1. Could you list, in sequence order, the residues of the stretch B:110-125 that are within 13 Å of the chain's Cα centre (by Cα) and either within 11 Å of chain A (Cβ to nearest Cβ) or closer than 16 Å to B:LEU9 by Cα (or both)?
2. Between a first residue in the stretch A:289-318 that is within 14 Å of another protein chain (Cβ to nearest Cβ) and a second residue that is open to solvent by 40 Å² or more (accessible area, probe 1.4 Å) and in a helix (DSSP H, G or I), which pairs have beta carbons less than 8 Å apart while being 6 or more apart in sequence or on different chains?
3. Scan the stretch B:37-57 residue by residue and report those that are aliphatic (A, V, I, L, M), surrounded by fewer than 19 Cβ atoms within 10 Å (Cβ to Cβ) and more than 10 Å from chain A (Cβ to nearest Cβ).
4. Are any residues in the stretch B:1-36 part of a helix (DSSP H, G or I), facing chain A (nearest Cβ under 7 Å) and of a type in the set (A, V, I, L, M, F, W, C), and if so, which ones?
5. Does A:ILE338 satisfy being aliphatic (A, V, I, L, M) and closer than 30 Å to A:VAL151 by Cα?
6. Go through the stretch B:22-34 residue by residue and tally those that are open to solvent by less than 40 Å² (accessible area, probe 1.4 Å) and touching a residue at least 24 places away in the same chain (Cβ under 8 Å).
7. Does any residue in the stretch A:156-173 that is within 16 Å of A:LYS247 (Cα to Cα) come within less than 9 Å, Cβ to Cβ, of a residue that is loosely packed, with under 15 Cβ neighbours inside 10 Å six or more places away or on a different chain, and which pairs are these?
8. Could you tell me which numbered condition A:PHE268 fails, if it satisfies all but one of (1) in contact with a Gly (Cβ under 8 Å, 6 or more places away or on another chain); (2) open to solvent by less than 40 Å² (accessible area, probe 1.4 Å)?
Amino acid sequence: MPLIAGSIRDNLLYPLQRQPLQPAAYSDDAQRLFEERCAEAEKTGNSSSDPYANWTDYAAAGVTDECGLTERVLQLLDQVELSQDMFSLGLRQSIDPDRHPKLAARILEARRQFGRRLGEKGLRGLVESFHPERYNRNMSVAENILFGTPVGPTFDPEHIAENPYLRRILDRLDLTDEMIEIGFRVAKVMIDLFRDIPPGHEAFERFSFISADDLPEVQSCVRRVESESLSEADDEDRMMLLSLPFKLIANRHRLGLNLREAGIGERFLAARAAFMTDLPADLAGSIAFFDPNAYNAPASIEDNILFGKVTYGRPQARRQISALLAEIVDSLDLRREIADQALNFEVGIGGSRLSAVQRQKIALARACLKRPDLLILDRALDAFGPAARESVMARLMAESGELGIIFVASPGGEPRGFDRRITMEAGKVTEHKALAAPDAPATDPSTAGIGLA
Amino acid sequence: MDYEDTVALLRRVPIFASMEAAALKLLAFSSETVTFDDGEIICQEGDLADGVYVIDEGQVVVSVERDGIAAKIAVVGANEVVGELAVILNQPRAASLRAQGTVRLVRIDSDIFIRTVTGNPDAALGVLRILCRRLSNMLRHYEELVSSIDSSI
């Protein structure tokens with residue numbers, strides 16, 4: 001069964017949720033409303049099952065409560081060799097520090113240790129930290145001015161040029177015209193690079209500041225501005241050009257705009273200061289500013305630990321930083337809790353945000369969670385390499401007690417450890433053979449597995 | 001190094017020298033300038049080939065490992081390309097690349113490189129010429145080895 005759109009947790013617990021088992025706790029008004037809905041459902045022949053009740057069958061998983069279930073889930077994910085992936089996915093999750101104050105405090109401690117260890121190992125050049133008075137050359141112009149993580153759509157960097165508050169800041173600091181001029185130069189470069197590239201080419205998605213759909217419009221805008229002047233351009237053209245420089249990352253986009261020499265970095269820092277200082281109360285909830293001593297709630301766990309941007313142009317940086325981060329996470333005993341957060345990762349439609357191997361591992365863990373008497377794997381591990389398939393199946397057989405397994409294998413994809421092989425061709429059994437040890441499981445005949453080819 | 005400097009560097013490389021300007025600019029813009037310190041491994045023998053490297057500054061040591069011993073095959077310098085064979089053949093790296101001194105490279109993503117070369121006859125011809133020249137050099141080297149073995153017998 002393919003994965004459903006939902007979190008990893010939703011997918012894993014799906015087979016345990018067949019009917020409501022523990023009623024939801026409602027206030028008086030809510031209880032009354034619920035009873036009315038139930039009565040209505042019965043009259044109309046619909047289900048009165050409460051979607052807000054607890055449907056999880058803990059007993060089917062061999063546990064008694066939510067904590068036990070989480071522990072069991074993480075054990076199974078370890079068994080299918082998904083622990084490292086869960087850790088990586090967990091780092092990309094964000095947490096609410098109000099709901100997880102202890103975890104947030106430990107992540108802040110990880111941040112402090114990370115910064116210190118970077119210096120001790122001579123790796124400071126690999127991460128450019130968030131400093132309130134320095135322009136970060138590995139962040140975009142938008143990110144530098146905002147100097148925080150947007151909450152909700154108000155300060156979405158993709159549409160930041162349209163934000164009235166930011167526009168007022170830029171006007172007040174005489175930055176608007178200069179940014180439009182930069183945007184005009186960026187537009188000309190983008191047109192020069194992409195005008196002959198066919199729509200749908202991956203280069204548009206990966207590298208262009210302008211989508212293939214918008215390119216003709218931008219070309220028209222540039223032609224109009226070139227024939228008149230920037231100062232005479234209409235509001236629509238000015239807005240289009242203003243949106244472009246916000247995406248520039250100094251160390252990544254080497255467009256020859258000489259921004260450093262123009263001193264524009266200092267002007268952007270002034271915009272940052274004005275943005276923070278003058279932010280009205282009704283917009284305060286729309287951004288979480290970077291504070292070295294505070295957990296940044298909307299940012300990921302990894303971004304909270306790094307508290308900076310990995311430097312462009314140093315390919316070894318990512319590897320060294322990941323190694324250091326793992327070292328610190330293990331020293332603070334954070335790995336399990338970070339992997340736990342990965343259970344909230346949204347997998348996308350059919351698990352599209354995961355690799356094929358990850359999808360198959362989660363499906364396998366899901367099947368094992370309800371402790372079946374017989375597990376049938378019909379080409380369920382085809383995305384695995386041979387070594388990974390052997391390893392996962394060996395662990396499954398060793399740790400699954402009295403589980404029977406029928407493994408339907410693609411040609412050449414038959415793992416070891418089964419005690420019987422049945423070969424079928426055109427719907428007929430052509431071979432039915434007991435497999436001699438050492439291929440068979442060690443001693444207990446109740447753990448018999450049957451491999452089908 | 002802005003993208004126009006990268007265009008100028010690519011023009012000096014035989015594979016890209018005859019490529020049309022628009023394709024060259026796109027290659028330059030989509031590429032990444034990367035720096036390695038002395039001794040740093042750029043890529044390891046057996047790694048997946050994720051890009052082609054054009055050397056801007058410094059030298060790159062090409063080596064293979066046999067029975068635990070690293071054997072230097074070549075030292076490649078500025079305006080040369082390394083790593084293109086594994087990308088073209090879609091195979092793991094056949095050799096390791098290591099920085100000798102500080103090295104600055106322009107890294108071109110594999111997919112972008114293949115698309116560009118297959119979409120540009122001039123670039124494809126440039127690649128063919130490079131590979132043929134290397135094959136010719138290897139054959140000559142082989143003949144010299146055989147000759148020296150024969151004369152020592």
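The values are calculated or read from the model by the stated rules, or taken from the named source; none is laboratory data. Treat the numbers as computed from the prediction; the structure is a model and nothing was measured. Note that each Cβ is placed from the backbone with ideal geometry, even for glycine, and that neighbours are counted across all protein chains shown. These accessible areas exclude ligands, DNA and RNA; they are computed on the full protein's heavy atoms, side chains included. Shrake-Rupley method; radii C 1.70, N 1.55, O 1.52, S 1.80 Å.
1. Passing the criteria: only B:PHE113.
2. A:VAL310/A:ARG318; A:THR311/A:GLY125; A:ARG314/A:GLY125
3. The answer is B:LEU48, and nothing else.
4. Within the stretch B:1-36, B:ALA22, B:LEU26, B:PHE29 meet the criteria.
5. It is true that A:ILE338 is aliphatic (A, V, I, L, M) and closer than 30 Å to A:VAL151 by Cα.
6. Selection size over the stretch B:22-34: 9.
7. Qualifying pairs under 9 Å: A:HIS159/A:PRO153; A:ASN163/A:ASP156.
8. (1)
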